[in-house]
Amino acid sequence: LNQKADSLRFLSALRMNATFPYILPAVTLPSDPEIEVMDAGIRDNYGLETSFQFLNSLDDWFKKNIKKVVVLQIRDKSKSFEPQAIIPSVFNRLKSPIGNIYGNFGRVQEYNQDQMFENANRLLGVEIQWVNFELLQNDEEPISLSFHLSELEKQQILKALNRDDNKEAIAVVKNLF
């Protein structure tokens, strides 16, 4: 069955991971039947599930040919399982059920990804090293959901690269070579 995968436009593939309801449209894959994809990040926001599936598909090759896999993860914020304080109001009570579902997607992904990482370490038979880079946005100056970064946002990213934790991650990557 020819699904015309070679007809998928590059920008459409990029946009599949950046759709937001009412802001960016869903992407229709050039398949038969057509498949509509919206916000691939809602299920795998950091792409780790996809990465671990890829690693799993090549596990025999990895066992024969390599000793270590390095997973670089670039995050906009650190893992946080702390509950958020909610100001009691009628509006918050109305949005709470939907907000809780959406808000917990990230937490569920974090738990699942930690479990996948542990399983991959155990099952692949090669060492897996995890290196994190984190932006750690602050609430006073959040970085917008935009394809264009302002000068302030660019400065925030450069500043984040100079934090001790990110300098350590850079050193780890440099020492790999």
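Quick check: the distance between the Cα centres of segment 144-177 and segment 108-122, to the nearest angstrom?
Each part reduced to its Cα centre gives a spacing of 25 Å.
Output the pairs from 67/167; 154/174; 4/159; 4/174 with a Cα-Cα distance over 32 Å in this structure; if there are none, say none. Please list the in-between numbers first.
Values: 67/167 25 Å; 154/174 23 Å; 4/159 43 Å; 4/174 40 Å.
Checking Cα-Cα distances, 4/159; 4/174 exceed 32 Å.
By counting other Cβ atoms within 10 Å of each Cβ, how are 61, 130 ranked from fewest to most?
Ordered from fewest to most neighbouring Cβ atoms within 10 Å, 61, 130 come out as 61, 130.
For the ranges 45-54, 166-175, what's the packing order if you count other beta-carbon atoms within 10 Å of each residue, average per peptide, and put the highest first?
Numbers: 45-54: 16.0, 166-175: 12.9.
Ranked by mean Cβ neighbours within 10 Å, highest first: 45-54, 166-175.
Values quoted throughout were computed directly from the atomic coordinates according to the rules given, and no laboratory measurement underlies them. Remember, predicted model here, so these are calculated numbers, not experimental data. Glycine gets a Cβ as well: all are built from the backbone with ideal geometry, and neighbour counts include every protein chain shown.
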